[in-house]
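The values are calculated or read from the model by the stated rules, or taken from the named source; none is laboratory data. Given the structure is predicted, the values throughout are model-derived calculations rather than measurements. Cβ sites come from the backbone with ideal geometry, for glycine too, and all protein chains shown count toward neighbours.
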Amino acid sequence: MMTRRDFVKNGVTAFTFSLAAPAFLSDLARAQGAASRNLIVLDLSGGNDGLSMLVPYTDASYYSRRPTLAIPAGTVLQVGADASGKALGLHPKLTGLRDIFNQGRLALVQRVGYENSSRSHFSGTDIWSTANPSNSTGSGWVGRYLSTLPAPLDPLVAWNTTGDTPHALLSASVSVASIPSVTSYAFSSPNSGDEAARERTAAASIASHVPVDKPHVAFVGTSARAAMATLDRVAAVGQYKPTVSYPNNGFGQALQAVSGAMAKGVGTRVFWVQTGGFDTHAAQDTTADAGAYVKLMVTLNDGITALHNDLQNQGLLNSTLLLTFSEFGRRVSENGSKGTDHGAASVLLAMGGGVRGGLYGTAASLSPDTSNPTLENAAGDVHYETDFRSVYAKVIDNWLGGDSVGVLGGNFRKSGIDFV
Amino acid sequence: MAAGDLVIAHLLRRAGFGASGAELAAYSQLSYAAAVDRLINYDALPDAVDANIGKPGFVGTTSRGAFSPNTVPDDARQRWLFRMVHSDRPLQEKMTLFWHNYFATGLSKVTAGIKSENGTRLMAAKASEDPARQQGQIEMLRANALGTVQDLLVAIAKDPAMLIWLDGDTNTKAKPQENFGRELMELFSRGVGYYTEEDVYAAARVFTGWNLSRPANPQDPSAAFAFVYNANQHETAAKTFSFPIYSDGGRTIPSRAASGGMQDGLDLIAALSTHPETARRLVSKLFAFFVSETATPDPAFIDELATVYLQNGTAIKPVLQRLLTSPQFQDPAIFFTRYAWPAEFVVRALKETGWTGFSVGSALTALVNMGQELLEPPSVAGWVLGQSWFSTGAMLARMNFASTLAANQKFNLAAASAGARGSARSVVDFLVSRLTVDVGNDVYNDLLAYAAAGVTWTGSDAQLQAKAPGVVHLILGSPEYQFT
């Protein structure tokens, strides 16, 4: 694969590359200048129960197969019917998302997955991260996209709000800044004043060496170097005053850092945010205020709504796309623990000023008939309709202005999911 | 250091958490074989470390109210860190940490619904100190640290914290729960690729009725939680697997009366623990932990270790005996090449820098920022090891812990450096040696430049109090120090 970095090495500038952009690059992407856009990838870790998030409230099998977990039809937030005519509703706590949906900035892509879906958290996450179901040990899809940007890449080109670098961001050539807390991302010293400054100078020098005979030390040096190079800009983000108040939880604070980084213009193209707890094997409780799934939906709704409103106030919504994923959906029938086990395909959210809101794809029929083609695993799990790589392709081609074929290692472009 | 001392220091870093100057001197009196023997046969030494908590001369702890390591999460963490720093049985703590990552169980889910006190008891209570003789999971792992994997798997299948963590407590005849059965095969034994979805469903049925007996008031801090086999919740039909369960190659666990159905789970665990796939997977993890996580192991060596494992009834002690005395382990080329886990980094830094006047409580938030909160692994697969420890934020957290420790030890370090006060270079040499770090010329020159910067060297106490902690901060925060 020829990367953009190779183009630059060969003396072809990024400018001529953009003039030579292939025809699949959407008019919108060209007109608005994809370079100023950013992407927020939101990992709903644990395996999100899509059927409780986007409820098929007219499907009788939904109620018969989920005697304690089904959400009453009268309480869902109706969002109309999909292309197959099936009426759907958001979880009752997703009121902010419903408003964003009504404003046309939220897309719900149904039944996203892949053939022979893994039911393992770890294999599943690796597959979604690498975009490669047959060998999920290589680089991540976001990392590969970033490696096509003109070199040298700034360490803040990607901003991970979690402590560990997620697999999707890994690539051989891109170093990602991990900033779980903006305020603790600072250089401290046992001394003060000039002596502390001397230590910082020495630490930067120590981090600058690349011992070629010790690649493992060189690797850690890369992290130390990137840390030293990003301290001041991250400190500026710490000064950001949002226009709305974000929820006082890890997810809300991570989203505040994201909008702060955008507002301060630190140059980040891809943000990574995670919120967990979706592995609801037991006591999933989708309806009571203290219910496990209800709390997940409140966290999600309040965080995304705050982000949406803040970015709108800052004039940044049109340059932002938020995309969710989860390693798998969950079993259609509830289990004996009033929870749901690992399933297959699920629903994705895409939110932003450039999103064409609405329902994409068609809902599964939840009939337990084993010949039901919209389910798999003896009608136990939702069968995918849209390959997740087609969603990635849409984002890479139409939003980021990249080449999805190169990044994904194949042509996964698909019509009918034109949410950006 | 003499070559023999270098390999002893390596042994103490890998089979323990590094060594204080006094410990290194003591072990250096022993032959290599005797040092390994002392580490492995730790049962010969009294398990007396906890009695030193709170005594002068040892690292401190910080708690709100009375120190309560059986019921308060941060106190449990501090007790464990204290053991890592001061135990005479470092390999026991090291293997407990290995197993904590292997059977990774998270306190926050265990705690839900039973209150923090009881969640902490299930994770960390010492039976001899608990009103109901409750034994926490970490204590169970510690007691079985070098025992057989078969015993460990049975104990973990019955462990109250695990029964909550992987939902075994709700595994019933009517609705088998897949969570434990899946991870038993995926993470605790054979590994991905060596079981099918049908095996997961069968394993779930095998463990139906392996439940948890909760006290009437689950928030009562003196009540007992115990494994219970509920015969009336056991699914009695036969269970067939894609791999052999019995020595005659039989793949079907027979239908049994509910009263004897607990044998299903024991049969499955016996099979899983002795499968060649399990043996290879487990010894490969031990190889990565003790020898190298970057070099591809010689397949013949892995086979050799797997054979030791299988020939000794799945016992870990003989495997470690072979591993630690192997030429592969003693090869100087692997010294300082394994990415240190945050807990390893913190404890080694304390043992080498000094701890008088420091509290392990000051390491707790730092460990969270470095990506390793003890008792709270990110998932049942444990922490992501190796390079993944070194995001920019985590690296900064290590550098900042180095700063916290160096600042706290300012006067101790200045006093210790007094004998080397003749020049900036002699102070740097002294501290590099004390921290047993293999810095290359480039870093050494940076340290020298820093030590001499901005001062006309006199070696005064004031200079030592600034420069000694400054140099220690830079060494502990250097890329070179992040390896064990």
Cβ-Cβ below 7 Å, separation at least six or inter-chain, first residue in region B:307-332 and in contact (Cβ under 8 Å) with a residue 12 or more places away in the chain, second small (G, A, S): which pairs? B:Y309/B:A279; B:L310/B:A279; B:T314/B:S273; B:A315/B:G147; B:I316/B:G147; B:L324/B:A15; B:T325/B:A33
Among B:V308, B:V319, the single one that is of a type in the set (A, V, I, L, M), surrounded by 15 or more Cβ atoms within 10 Å (Cβ to Cβ) and in contact with a Phe, Trp or Tyr (Cβ under 7 Å, 6 or more places away or on another chain) is B:V319
I'd like to know if region B:179-199 contains one or more residues that are closer than 26 Å to B:G382 by Cβ, without any contact (Cβ under 8 Å) to a residue 60 or more places away in the chain and β-branched (V, I, T). yes
Of a type in the set (A, V, I, L, M, F, W, C) and in contact (Cβ under 8 Å) with a residue 24 or more places away in the chain, is that true of B:A449? no
Would you call A:A344 assigned to a loop (DSSP other than H, G, I, E, B), closer than 29 Å to A:G85 by Cβ, within 14 Å of chain B (Cβ to nearest Cβ) and free of Cβ contacts under 8 Å to residues at least 60 places away in the same chain? no
Give the residue that is surrounded by the most Cβ atoms within 10 Å (Cβ to Cβ), with candidates limited to residues of region A:165-182 that are closer than 14 Å to A:L153 by Cα, more than 9 Å from chain B (Cβ to nearest Cβ) and aliphatic (A, V, I, L, M). A:L169
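Yes/no matrix, rows are residues, columns are (1) within 14 Å of chain B (Cβ to nearest Cβ); (2) touching a residue at least 60 places away in the same chain (Cβ under 8 Å):
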{"position": "A:G357", "(1), (2)": "no, yes"}
{"position": "A:S365", "(1), (2)": "no, yes"}
{"position": "A:D369", "(1), (2)": "no, no"}
{"position": "A:L375", "(1), (2)": "no, no"}
{"position": "A:G380", "(1), (2)": "yes, no"}
{"position": "A:T386", "(1), (2)": "no, yes"}
{"position": "A:I396", "(1), (2)": "no, yes"}
Scanning for something within 11 Å of chain A (Cβ to nearest Cβ), without any contact (Cβ under 8 Å) to a residue 12 or more places away in the chain and on the phi > 0 side of the Ramachandran plot, does region B:461-469 turn up at least one residue? no
Is there a residue being modelled with pLDDT under 95, of a type outside the set (D, E, K, R) and buried (at least 18 other Cβ atoms within 10 Å of the Cβ) anywhere in region A:83-94? no
Can you say whether B:F411 is away from chain A (no Cβ under 12 Å), touching a residue at least 12 places away in the same chain (Cβ under 8 Å) and under 17 Å from B:L464 (Cβ atoms), as far as the supplied structure shows? no
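If we scan region A:368-388, do we find a residue that is closer than 26 Å to A:T95 by Cα and surrounded by 24 or more Cβ atoms within 10 Å (Cβ to Cβ)? Break it down into steps so the answer makes sense when it comes.
Taking region A:368-388 and keeping what is closer than 26 Å to A:T95 by Cα, we get A:382.
Next, only the ones that are surrounded by 24 or more Cβ atoms within 10 Å (Cβ to Cβ) stay: A:382.
Yes, the conditions are met somewhere in region A:368-388.
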Within region B:230-260, can you find the residues that are closer than 17 Å to B:L163 by Cβ and either in a loop (DSSP other than H, G, I, E, B) or of a type in the set (S, T, Y) (or both)? B:N230, B:H234
Within region B:187-207, does at least one residue satisfy the condition of being within 24 Å of B:L375 (Cα to Cα), among the acidic types (D, E) and at pLDDT 95 or above? no
What is the one condition in (1) within 24 Å of B:F483 (Cβ to Cβ); (2) part of a helix (DSSP H, G or I); (3) not small (G, A, S) that B:W383 does not satisfy? (2)
Within region B:168-203, take every residue that is closer than 20 Å to B:L286 by Cα and of a type in the set (A, V, I, L, M) and give me the one that is farthest from the other protein chains (Cβ to nearest Cβ). B:L184
Any hit, region B:468-476, residues being surrounded by 15 or more Cβ atoms within 10 Å (Cβ to Cβ) and touching an Asp or Glu at 6+ places or on another chain (Cβ under 6 Å): yes
Tell me yes or no: at least one residue of region B:388-397 is at pLDDT below 95, facing chain A (nearest Cβ under 8 Å) and surrounded by fewer than 21 Cβ atoms within 10 Å (Cβ to Cβ). yes
Hits in region A:173-195 (condition: in a loop (DSSP other than H, G, I, E, B), at pLDDT below 90 and of a type outside the set (A, V, I, L, M, F, W, C)): A:S173, A:S175, A:P180, A:S181, A:T183, A:S184
By residue number, the members of region B:161-219 that are among the β-branched types (V, I, T) and under 23 Å from B:N101 (Cα atoms) are B:I164, B:V192, B:V200
One residue is enough: does region B:367-380 have a residue meeting the conditions at pLDDT 95 or above and out of contact with any Leu (no Cβ under 9 Å at 6 or more places or on another chain)? yes
Extreme residue, farthest from the other protein chains (Cβ to nearest Cβ), among residues of region B:308-355 that are over 20 Å from the mean Cα position of the chain (by Cα) and under 30 Å from B:T61 (Cβ atoms): B:W355
